[in-house]
Every structure is written in C-alpha cells, then in structure tokens.
C-alpha cells in the first residue's frame, strides 16, 4: 500500500476531506485537538492508497505533542507523498507549514480547500500561479460540496517519492548562502533529500534535530560559526531569521497568486461574532442555547421517542413476547426471571433513553459543525482566565459532554502539567451520555413539568468545574499560572447533514454497545444479588444479598436524602457504569410486574423519594467518580496510581459535600424544616469551601515589574 500523509492547519477541513476520501467514521470538529494521534484509512477511489490523517498543526517545530507526532511520521521512511490541506481563506498563514513540508524532501500536493467560501468573499486564487511559485501541484477542493477531493488524492498518487523532482523554496541570497555552507558541512550525515530540511532546522536551533543528528565536534563547531556570522549580518537571532525569511517568501507568493474583486468588508461570520462573542451577551446566549438543547432532547422531541421505546417496545411488546416464548419452551422459572426481570428490565430501561441521547448529540453536532462551539471555547477562555484557569481546559470539558474517556485523553493538548492534571480531575463533572439517562429518569419522575431541571445539571457541572478548579489552582501541588490559549475561529457554515447524523449515530451506537456488554453483565449480577441470599437460596428482594449490603451502607447517604438501600445500591453500581444506575432501578422496581412501564417506574420512585432527595441523588451521581473506563483513562493520563486515587477521592468527596449542601439547605428553604446538626455541618462545609476558593494562592506570585521597581533596584546597586 502507498502511504499518503494528509496534513494541514487546524480547522482547514482536513478531517472532512479524510472522511470523504476513506469513508471512515472520524470525528469532524471546529476546535484544535480533535485528532490527537494520527488516523488511517484506505482510499475508496485509489485502492492501493492508505491515507494517514495526521494532527492539525501550524508548524513542524515541535512546540506541542501534535507537532511532534507529525514531524516524527514525516521523517520516517514509510510516507510516499504529502497531501497538504490549505485553507484558501487564510492562504498566507497556511503556507507557512507548506514551505516546511516541501523541505522534508517528500513530494507535496496542495489541496486548496474552502474554495467555495473564498468565492463568497469575492476573492480568487490562481492555482496555476500558486503551483508555479511553490513548484508543487495545486488542486482546488471543497469538503462541503465534495468537489476536487478525488482529483487531489489522485494527483498526490502521481507524485511519489523518488518519482519526481523536488523544487525547494528559495529565500534571500544571504540566507541561502548560509544554508549552502551548512549543507556542505553536513555532507553525507543525513540522506541527500533531507539535507535542506536538516540545514534549516539546525540553523533555527531545533533541539530535537541537534540531538539526533550524528555530528562530529568539528561539524558542530563549523555550523555554529555559520549561524553566529549570519545572525551578525541580519542583526537578529537565528529563529527570527528563519521565520522572517519564510513570511517574506510567502508574501511574494500570495501577492502574485491572490486577487480580490472588492474592498475589504466584514464577512457574515464577523457580524455574527460581534453578537455571540460580545462580552455582555456571550454567556446569556450560551445559556439560552444549552437550555434549548436540553429542552429539545430531554423534555420534548427526545421524550416522544423515549416514551414509545419504554411504554410500547420494552414496556409491553418485548416482555410479553419473551415471556410467551420462554413459557412455550418450558424454560425454568429462575431463567425466565433472569431474562425478563433482569436482562430485559435492566438493559431495556437503559436502551429506552437512546432517542433522547440521539437528539442531544444531534443538537451538539449541529452546533459543532456550524462553528459555534469554537466561539464558546473563546468566550470561556475569557471567563476561565479571570479565575486563573487555562482556556485550553474547555476543549476536554466540551468533549466530556459526549464521553469522559476521550475528554480526559484530550487533555494531552495542554502543555502545562499542572493545568493538565486539574483538567483531568474536573472534566468528568460534565454530564456525559451515560449520565443523561439518570437526568432523564429524575426529571421525568419528579419534575415532569419543569423544563429547567435538565439544563440545570449542565450548569451545575460547569460551576463545579470552575470552583473546584480555582480551589485546586491555589494548592501547592497544582498551583501555578495558566498557560496561554490561542485558537482560530473558523468561518460559520451550514451544517453537513451526513456529518451531523454520523456524529449522533456513532454516539448512540457507542451507548448501545455499552448496554450490550458492560450493562448486560452488570444487570445479570444485580439480578442475582437481588434474588438470592448469602446461602444461595432464592429469596425476596428485601432479604437478598444486595439488600443486606445496601442497608449496611445506606446510613452514609441518609444526610444526602437517599438513605434508602435501593438508591444506595444504584449509586454504588454507577461506579462501574453510570447507565447501570437506571438499570438497577429498573431491576429492583420491576420485580412484581415484568411489563411495568417507565411511567410506572416514575410513580414508584416518586413514592419512595422527595423531589429534593431525587435532585440530591442526581447531583451526587453526576459529580462523583466516573465509570471504570474513565477511571482507567485517568490512570493512563496521570501515569501515577497515587494521582489516580487522589482524583477519584477528590471527585467522590466533592460530590458528597455538594449533595449534602443541596439537600440540607433545601430542607430549610423549600420544606420549612428547622435547623439540625446536619444543617450546621452543611453550613460549615459551605464556609470551608468558600475559604478554599477565596484564599490567596499557595504559589509565589511573580513580582510586578514597574519603573519604580527598576529605579529602586538601580539605586541599590549604585
């Protein structure tokens, strides 16, 4: 197979092109860090081509893990050609990477993407002139309209390593003279087609190249002398010389290749951004958008589908069909109970929430594809920075709304180790797809006419992230200064129906797979524990192993409002998988009637718990330690078992305290209950948390440099 590397700047449409070329199910997004590691896929049109989707990067200078991954792959020997995806609307910035790719010695073909957007801006780029100036083939493409994609890949297929001559970018005479000297000194130390790349990287001071290039002491001394002389000629440091030389070349190229029909004017994206990123309006708009998303998925559109699945499919049709079939086959009573009361009641209750999950991710997919989520990252960076947090944390947090595992893994894009650890410890506070089933159950059973309950969980998770992040930032272990966050805001565009549907479908299928594997095993275990005693005798639920264990631990949760053993067991099983919380209720409350519907379950739950206790239960399960899969991801990313235990303990402890305050203060405010010892404990917790959040940071602040400081310093030394 011929390997062709697909590479480009973030938000250039690279991953969209990858999907069109290979048909693989790759996530398409408008924020940096979507593809942390490279992905591969066989081409649909060129059967002998394997396309490698590399991370979106701005340069081959490894300032981030993504750039290091791309550089290491391109310097290997397996890649035969490079297909460079260039955003036509940001030509000058995108060509900075292009010049570096050409210098690797691997044949480059440019896919000039977003050509349709460029035309809408009344601009033109001559592909012929651009190709002539750069010395590489240029093909105009549009991922949205699926034009030119196959042509670009076929063109790259025709220009393979060893089969075509490389035309390298030519810089100023002084700089070219320095490069020639270094190339002469290198000799045969590196492959001939990589000489120019290594010469430039050695000149600009790339640590990785200096460490990995087998130079003799004489060669190293000679190269450093060439660099020093050139710095004197240019009166700049080596790295600045390289950057300026590249941009000087790029400016000449763009001046010849690009034209504009009309004078500069604000685009539609600019006009929309004046509203949605406004300092005053941005957060209210975001709150309104998320309210509508949850209202559609939990309260209205998604509920219609969920009601049918629960009331008709799993509430009547499937249980009756299974019962009849099992009786006809004369299956033993215990096995009938396992299948109907255990598997169908447990897994069926979880699967009933698929319509709501699908609608939720359909809405989020539209917002992501349109480009709105990038704006939210920008807005939240402004908010996060006020509290000393990194705006880069918002990307993993946003991804965690789908699943905590990729959200935790996305923290790799954060260079600051302390910020990265804080993000890992807090990202799973956001409601994921698994937690959505808990939200839907509680909202439906206790707050059927209140549209604000479901969205409130989103803001509860978000507020917990901010305040816990502030507290962690002020500790000695995790204190420090927030790392800078720079991101590009892509232009708005209409959502692609296929991409949005693929996104929502993949998330729903992932949910079904969990229900068919983890949830299946756990529901069987829960059924067994709820039907047998320690002596393995068949007993009622109240005398079962599960009831015995639940009653021992129920006292711990009594101050939170759900000291009932069934709720305790449900919360504990949620540590394995959050969907199991609903499955546990489905099994424990469906014992008497296997055909009981979800609405009947709602009524049964409403008899055992108050709305306040139910909300406290929901808050605890949203904020406590995530599922086993997410805990495994935390361990991998922390690379330290102690940090893993610390993270899980922090999450569970904080969830307990938040639920305690919700329930105890709620009793006083909404139920008129007199103050008790537990109310005092809740108040003490609230004051303690407020102190931790508001106290001065543990780390030493950098001194403020001012003219007065400088004058005082000079007086001391004089």
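The values are calculated or read from the model by the stated rules, or taken from the named source; none is laboratory data. As the structure is a computational prediction, the values presented were derived from the model and not from experiment. For neighbour counting, all protein chains shown are included, and Cβ atoms are generated from backbone atoms with ideal geometry for every residue, glycine included.
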Restrict the check to segment 276-289 and report whether at least one residue is crowded, with 17+ Cβ neighbours inside 10 Å, in contact (Cβ under 8 Å) with a residue 24 or more places away in the chain and touching a strand residue (DSSP E or B) at 6+ places or on another chain (Cβ under 7 Å).
no
Candidate set from segment 206-217 (those that are in contact with a helix residue (DSSP H, G or I) (Cβ under 8 Å, 6 or more places away or on another chain) and closer than 17 Å to residue 72 by Cα); member that is surrounded by the most Cβ atoms within 10 Å (Cβ to Cβ)
209
Taking segment 354-376 as the search range and keeping residues that are more than 18 Å from the chain's Cα centre (by Cα) and modelled with pLDDT under 80, which one is nearest to residue 309 (Cα to Cα)?
354
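Can you name the helices (runs of 4 or more DSSP H) wholly within segment 148-216 that have at least 1 residues being at negative phi and over 39 Å from the mean Cα position of the chain (by Cα)? First the steps, then the outcome.
Details: elements: 149-158, 173-186, 195-204, 207-212.
Correct list: 173-186.
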Conditions (1) modelled with pLDDT under 90; (2) within 16 Å of residue 616 (Cα to Cα); (3) within 35 Å of the chain's Cα centre (by Cα): number failed by residue 670
(3)
Return the total of residues in segment 94-126 being free of Cβ contacts under 8 Å to residues at least 60 places away in the same chain and within 17 Å of residue 255 (Cα to Cα).
3
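Just one of 169, 191 is surrounded by 19 or more Cβ atoms within 10 Å (Cβ to Cβ), at pLDDT below 90 and within 20 Å of residue 106 (Cβ to Cβ); which is it?
One residue alone meets the criteria, 169.
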Please count how many residues of segment 100-136 are out of contact with any helix residue (DSSP H, G or I) (no Cβ under 6 Å at 6 or more places or on another chain) and at pLDDT 85 or above.
15
Could you pull out the residue among 662, 634 that is under 23 Å from the mean Cα position of the chain (by Cα), in a helix (DSSP H, G or I) and surrounded by 19 or more Cβ atoms within 10 Å (Cβ to Cβ)?
634
Single match in 94, 30, 9 (criterion: surrounded by 22 or more Cβ atoms within 10 Å (Cβ to Cβ), modelled with pLDDT of 85 or more and touching a helix residue (DSSP H, G or I) at 6+ places or on another chain (Cβ under 7 Å)):
9
